[in-house]
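J.: Could you have a look at this structure, given as structure tokens, before my questions?
The values are calculated or read from the model by the stated rules, or taken from the named source; none is laboratory data. Fair warning: this is a prediction, and the values are worked out from it, not measured in the lab. Backbone-built Cβ (ideal geometry, glycine too); neighbour counts: all protein chains shown. To get the accessible areas, we keep the full protein, side chains included, count just its heavy atoms, and leave off ligands, DNA and RNA. Shrake-Rupley method; radii C 1.70, N 1.55, O 1.52, S 1.80 Å.
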Amino acid sequence: MRAIVSADAGLNPIADKLSQAGVSVRRMSYLVEDEEIYGDGDGSVLADSRECHLNRPRKGVHARSSGAAAKVASAAFEADWQAIGFDVSDGPAGQPVERLVPAQWADYFTYPSFNPAQAQAVPEIIGSDENLVVVAPTGSGKTVIGMTAVLKVVLGTGRKAAWLVPQRSLTDELDRDLDLWRRRGLRIERLSGEHRVDLARLQEADLWISTTEKFESICRTGSLREVLERVGVLIVDEIHLVGDPVRGPTLEGVLARMRDVTGGPRLIGLSATVTNSAEIAAWLRARLVTIAWRPGRLTWQLPVIAAHQDWNVTEAARTRLASTIATMVAADGGGVLVFCGSKRNVRLTALVIAAARGADVRRVRIDDADEVHEVCRRVGVGLHYKGWDHRADAEAGFRERRLDILVATTTVAAGVNLPARAVVVRDTQVGFGAVDVATVLQMFGRAGRAGAGEQDGWAYLIVDEHEHPSWRAQLTAGYTVDSQIQANLPEQMLSEVVQDRIASHRGADQWWVRTLAHHQGSHGSTPLYDAVRFLRSSEMLADAEPGGGQVVATELGRLTARLMISPEVGDELRRTLAGLPLPAGPDEAERLIIQTLATVVPKLAQAVAGDAVKPAVARLLGAAVPMQPGSVPGGSPGDLAQASMLAFTAPGIAPSGDRLIAGIPYSAMYPVLEDAPRYLHWLGSQGLLGTVHPWCAVTAADLGRRLRWRRCAPGRGAGRLLWMLEQMTDPARIDKDLPTMWQAATERGVTSPDWPSGRRPDGCALDDQAYAALLRDRTTNCRLSEYPPHAFASGPPGSVVVTWCGPRWRLTPVRRGVAEAPYPDGDPTRRGAALFTWRGDHLATGWPAVYAAVTAEGAPAREPLHRSGRR
């Protein structure tokens, strides 16, 4: 008989009695589970679990399991028993850096010795050029293993290295870690959605640190493919995320492509422990390096709460228990990470923990970021999630132990190095879906990470009695990577066609054989051909030659791939907009486009407003958008996205403060405001292609730039001036320089790019020749006149004229500087024409002409904010 007893001194008598009775006893700190596992004499196993005593249950939940569930409970107990008895000092020893790598590389590492995990993997990196998949527990120092692979290529061969990470925040983390390399002369370029790509800097860089999505975007850009050929090694951090439903398809597409490129990069995958690592290595034609060493002990527990038919009661129990466990560990001098499934739960849980530590939170509004931050900070509690203004302060405070509890969403789980003694996972739901076992294991891996003296780790997932057996089985079994590419097949196929890697059904079959999906047994070709048919019907693929069996990407397909727009979402956007009535003016046009984006784009539709914010959302929508019968005011899908876009584009809406916009916290709006401009740019760029109605293209182009540069507070019609400033600005400095140029232009009364030719404006990064070419590509000196049944236009090379009558439109290229463009059949009372240049400028008749320049009507009811990275 064996027993695990809490290390609490109050339980010493019980532990002593058990020992005296011949029971093997091991003590465990912070033990909160209450479970008995026993056999009945015939080889079967029974398990009894009870509600966590820390929640002070009035009626304790008692659940009994048998059969397979009880055997899983026995296996979990055995794992805990072995972990408690594990002694780190019994493991393999580390090695001095200079013993394993060339002496001249030693100064590129911040530590004189490799730990045992690194000492096992580094010789594999140095000793061959094979593809490798390195599987090691979280916290074992995989970053140093990747660094060694980079140095081998950059210092040893002179080729470039690319390092892929799953999230933007991790590009910042890794960029900081490699600051020493910069001081030693290595050129490092960080690539993510928040950073523009400068081709010259990209070509000069020794190492790219990139999100998977940004790297794929570079692969899809024809002008950057030559520099890709100079990449000698591709490091893929968290390669097990190839099984992630959101990020997995893109990562699988990248790896399937890179695996078989002749003379292509070496692949180094860094993975947390997964059950089918050998299968992943075989797919990548890589050698598997499995590391068992971990810098400390890690145990996990599943404290049980009572399920209740009232969801609010269950949620309150989760919050109380998360707070109790966090304060218990922190009171003992340990750092604690508390993970929540939503931003609102982060704020709520942080406030409950703060109250438990003596803070007065009675008058704190949960949606007031400044109030929440200040009251929590005073008692050592920080908050962390995407869009939280104090995120960097919270990270620094937790690292420096000014804060000992950090409440966060999964951003921290994906690799930001914030060591903690304990991890508490409050929720089994993230957003609208259940959290997956891989994410939970990542969260657990934050506990006991080497650093700040936190070596032993304790991890907790709060579950109700119904969830308990399933979660225990999943965590005991571990994470299995399964391909997700079929859920996003049209986008991945379009990417391959754009890169000239697929041109026929045979080419599609050959590509499919290289995917993890095929490796795992999905051998049928039907999904491929269905994807090709969809891409043809959505006008993103076309026949290279009639009846020739070869396909090429259309200009719409190339635009869609380059901007990383899902073809399915893009097609639905176009179809929805094409079915709308022709707007009578810009107010209606902007409302229709914003409504369509907010309801069609899944990420925007799923943005959720908290209960406290819904009235402000409803007020804003009520002022700008007629409410639909039966809709929930402020709480329907897409409402928060609509309100966020309207708050920065609708004339007459004034913000109530820096962090509160029209009564809505800026942090709640931030994800929408970061993503929407990409879709608006996609729509605006289609004016030149004639694939959306001209009113859509002109309106979307203006809306997109007003949202992108919201910190300048541009009004309606500012899009063309912002376009001109973008063209004149150094891409590497655009976020800093464009607002300065905007301020200078508007202070001088400049409302459009239609200024006279002459010397370059101050701040213009173009040379004289490039600036003169830009002036020629404006529509400033173009002419657009309507003489039915034609419109007559003059324009620069590569421009087009699009005429319309009601919902129908027709494209006519400008040849030799002029075009005579016939109108399509349709309502002659609702006709117009627009001129689009290849570079992105436009000129229109009718109400779309309002977007030619900033007008008094379109002036914003707000002052610009001069705070970096925000409106």
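J.: Just checking, which of 139, 146 is on the phi > 0 side of the Ramachandran plot and either in a loop (DSSP other than H, G, I, E, B) or open to solvent by less than 30 Å² (accessible area, probe 1.4 Å) (or both)?
T.: Criteria check complete, one pass: 139.
J.: Do you know which residues across the stretch 349-363 are of a type in the set (A, V, I, L, M, F, W, C) and either modelled with pLDDT under 90 or open to solvent by 60 Å² or more (accessible area, probe 1.4 Å) (or both)?
T.: Listed by number, the list holds a single entry, 356.
J.: Enumerate the pairs (first residue in the stretch 815-829 and open to solvent by 100 Å² or more (accessible area, probe 1.4 Å); second residue anywhere and assigned to a strand (DSSP E or B)) with beta-carbon separation below 7 Å, excluding pairs fewer than 6 apart on the same chain, so at least 6 apart or on different chains.
T.: 820/790; 820/792; 825/805; 825/808
J.: What number of residues in the stretch 817-848 are in a strand (DSSP E or B) and aromatic (Phe, Trp, Tyr)?
T.: 1
J.: Could you please let me know if residue 379 is open to solvent by 10 Å² or more (accessible area, probe 1.4 Å) and farther than 21 Å from residue 400 by Cβ?
T.: The answer is no for residue 379.
J.: Kindly provide the set of residues from the stretch 9-40 that are among the basic types (Lys, Arg) and surrounded by 13 or more Cβ atoms within 10 Å (Cβ to Cβ), ordered by number.
T.: Selection gives 26, 27.
J.: May I ask you to say which residue of 715, 704, 719 is within 25 Å of residue 191 (Cβ to Cβ) and in contact (Cβ under 8 Å) with a residue 12 or more places away in the chain?
T.: 704
J.: Looking at residue 615, is it assigned to a loop (DSSP other than H, G, I, E, B) and open to solvent by 50 Å² or more (accessible area, probe 1.4 Å)?
T.: no
J.: Another question, then. So for the stretch 155-165 (the condition being out of contact with any Ser or Thr (no Cβ under 9 Å at 6 or more places or on another chain), hydroxyl-bearing (Ser, Thr, Tyr), open to solvent by 30 Å² or more (accessible area, probe 1.4 Å) and assigned to a helix (DSSP H, G or I)), does at least one residue qualify?
T.: For the stretch 155-165, residues out of contact with any Ser or Thr (no Cβ under 9 Å at 6 or more places or on another chain), hydroxyl-bearing (Ser, Thr, Tyr), open to solvent by 30 Å² or more (accessible area, probe 1.4 Å) and assigned to a helix (DSSP H, G or I): present.
J.: Sticking with this one: Test residue 641 against the stated conditions and say whether it is modelled with pLDDT of 90 or more, in contact with a Gly (Cβ under 6 Å, 6 or more places away or on another chain) and either over 20 Å from residue 855 (Cα atoms) or not charged (D, E, K, R) (or both).
T.: For residue 641, the condition - modelled with pLDDT of 90 or more, in contact with a Gly (Cβ under 6 Å, 6 or more places away or on another chain) and either over 20 Å from residue 855 (Cα atoms) or not charged (D, E, K, R) (or both) - is not met.
J.: Here is a follow-up. In the list 745, 732, 668, 662, which residue meets the criterion of being free of Cβ contacts under 8 Å to residues at least 40 places away in the same chain, among the aliphatic types (A, V, I, L, M) and open to solvent by 10 Å² or more (accessible area, probe 1.4 Å)?
T.: The unique qualifying residue is 745.
J.: Search the stretch 479-507 for residues that are closer than 15 Å to residue 563 by Cα and open to solvent by less than 30 Å² (accessible area, probe 1.4 Å) and pair each with any residue that is of a type in the set (Val, Ile, Thr) and assigned to a loop (DSSP other than H, G, I, E, B) when their beta-carbon atoms are under 6 Å apart and the residues are at least 6 apart or on different chains.
T.: Short answer, once both residue conditions are applied: 496/502.
J.: Among (1) more than 44 Å from the chain's Cα centre (by Cα); (2) more than 24 Å from residue 456 (Cα to Cα); (3) not aliphatic (A, V, I, L, M), where does residue 2 come up short?
T.: That leaves (2) as the condition not met.
J.: Say whether the condition of being assigned to a loop (DSSP other than H, G, I, E, B) and open to solvent by 50 Å² or more (accessible area, probe 1.4 Å) is met by at least one residue in the stretch 772-785.
T.: Scanning the stretch 772-785 turns up at least one residue that is assigned to a loop (DSSP other than H, G, I, E, B) and open to solvent by 50 Å² or more (accessible area, probe 1.4 Å).
J.: Let me ask something else. Please work out which residue is modelled with the lowest pLDDT, limiting yourself to the stretch 618-638 and to residues that are assigned to a loop (DSSP other than H, G, I, E, B), open to solvent by less than 20 Å² (accessible area, probe 1.4 Å) and more than 22 Å from residue 565 (Cβ to Cβ).
T.: The selected residue is 625.
J.: Still on this structure, I have one more. Only residues in the stretch 338-353 that are under 16 Å from residue 668 (Cβ atoms) count as the first member; pair them with residues that are open to solvent by 30 Å² or more (accessible area, probe 1.4 Å) and basic (Lys, Arg), Cβ under 9 angstrom, at least 6 apart or cross-chain, and list the lot.
T.: 343/386
J.: Determine whether residue 837 is open to solvent by 60 Å² or more (accessible area, probe 1.4 Å) and among the β-branched types (Val, Ile, Thr).
T.: no
J.: Follow-up. Which members of the stretch 648-689 meet the condition of being assigned to a loop (DSSP other than H, G, I, E, B) and modelled with pLDDT under 80?
T.: Answer for the stretch 648-689, where residues must be assigned to a loop (DSSP other than H, G, I, E, B) and modelled with pLDDT under 80: 651, 652, 653, 654, 655, 656, 657, 658, 659.
J.: If you don't mind, there's one more thing I want to ask. Scanning for something in contact (Cβ under 8 Å) with a residue 60 or more places away in the chain and under 20 Å from residue 434 (Cβ atoms), does the stretch 320-333 turn up at least one residue?
T.: yes
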